1. Straight-line reach from residue 32: which aspartates and glutamates have a Cα under 17 Å away, not including same-chain ones fewer than 8 places off?
2. Return the subset of 70/342; 160/270; 160/342; 92/288 for which the Cα-Cα distance in this structure is over 19 Å, preserving the input order.
3. At 1.4 Å probe radius, can you tell me the per residue accessible area of segment 85-130 in Å²?
4. Compute from the Cα atoms of segment 57-157 the Rg and the Dmax, the latter being the longest Cα-Cα distance, and quote both in angstrom.
5. Kirkwood hydrodynamic radius for segment 177-311: how many Å is it when counted over pairs of different Cα atoms?
6. On the accessible surface of the chain, probed at 1.4 Å, how many percent belong to carbon and sulfur atoms?
7. Return an integer: the convex hull volume of the alpha-carbon atoms of the chain, in Å³ per residue.
8. Report, as a whole number in µm² per second, the diffusion coefficient that Stokes-Einstein gives for segment 204-247 at 4 °C and 1.567 mPa s using the Kirkwood radius over alpha carbon pairs.
Amino acid sequence: LLCFSGDHLKVCSQGYTCCSQEMEEKYSQQSKHDFRNAVVELSNHLQTMFSSRYKKFDEFFKELLENAEKSLNDMFVRTYGRLYMQNSELFKDLFVELKRYYVGGNVNLEEMLNEFWARLLERMFRLVNPQYHFTDEYLECVSKYTEQLKPFGDVPRKLKLQVTRAFVAARTFAQGLAVARDVVSKVSAVNPTPQGTQALLKMMYCPYCRGLVSVKPCYNYCFNVMRGCLANQGDLDTEWNIFMDSMLLVAERLEGPFNIESVMDPIDVKISDAIMNMQENSMQVSQKVFQGCGQPKTLAQGRTARSVSESGFSARFRPYNPEERPTTAAGTSLDRLVTDVKEKLKQAKKFWSSLPGNICNDEKMSVGTINENECWNGSAKSRYDFAVTGNGLASQVNNPEVEVDITKPDMVIRRQIMALRVMTNKLKNAYSGNDVDFIDIS
């Protein structure tokens, strides 16, 4: 190696050196490239995890709805035959709205379910009273009695509660996984400042210019450089950890009372129970409606609609045998998916505050942790005497290695912190069983 006076160098020591100005510039670009790669490599693992889990949950929830609809359709065709097929759009609409809600549509679940039961009551009322003619105004009056008369028993109230809680939790959890994936993607694209680039060059390649090719940076020295270069990422940590905790709480809800699988799987049986209930109480229900809405006109002789008993509507409902049931959605169960993702969420906590240390511990960096007197301290092969600075932007005011302007936070990261806050609020509401739609702040 040719070594000479380093007056021409901008960052590395201007004493005795083996680097030309051109080499220093190349090393500067290389240090930037190495740093970016190290961040992306560690973040990619996390991003892929959230991306794959989001796909799995999304596929599972959509397939679950498809299976529930198919199961209901098959059973109602077998049980009620033509009568069901003549009214099948009512049930089709129910699933269309549930799917629309799940994919982020503006659907009020409670209102939609109330509308379903009101429409079902109108259809059923006609079928159990085939001798009368009902105008649209009369049927509107009938639907007002849905709450008061409880013609379907307690099924609508219970189902409304179960469906609302389960769908809110499922949709919000899937959204949370997508938000986590996007945050990691945006935040891991790091562009070091000119001061950060200088610090990286000084740490990674300036020892080469001194002929100290095999000497690695001192651990605390590396820590300070990384904390300075990742100051803004460090600020994500608090909000990220709160977000992970909220995801874990909703995950527990998905396993327990808000389990969408245990709500949707037997939805056909529940709706059929409600229909049976209406049939059994049709006399009392009809009398009360006639009292409140007035006596309807009788149909002319010979024009009477076929009665329910003639049409076979009173056929007892036969649920599937377990082996006849459609296969579990996406070839797995919700419990299995949740158990897997909970483990991953726990591991993802403190990712941003651990990032500087993880980069310094990376094999490619292999910092000098064995002998703290035999490592590169920024100017020589010797001990590093400065203390390690804290995490985040504000702590960098005393960073001895990287000059950081703490008055200029990174706007990309501020936006991601806000996105995490918004999603955490949605998760907290989902945990309580509430559906609150937030304005999309992006």
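1. Straight-distance partners of residue 32: 22, 24, 41, 362, 401, 403.
2. 70/342; 160/342; 92/288, as the Cα separations exceed 19 Å there.
3. 46
4. 15.2, 50
5. For segment 177-311, inverting the mean 1/r across all distinct Cα pairs yields 23.2 Å.
6. 48
7. 168
8. 100
The values are calculated or read from the model by the stated rules, or taken from the named source; none is laboratory data. Because the structure is a prediction, the values reported are computed rather than measured. Heads up, the Cβs are rebuilt from the backbone with ideal geometry, glycines too, and the neighbour counts pull from every protein chain shown. Side chains are part of the model used for accessible areas, which takes the heavy atoms of the whole protein and leaves out ligands, DNA and RNA. Shrake-Rupley method; radii C 1.70, N 1.55, O 1.52, S 1.80 Å.
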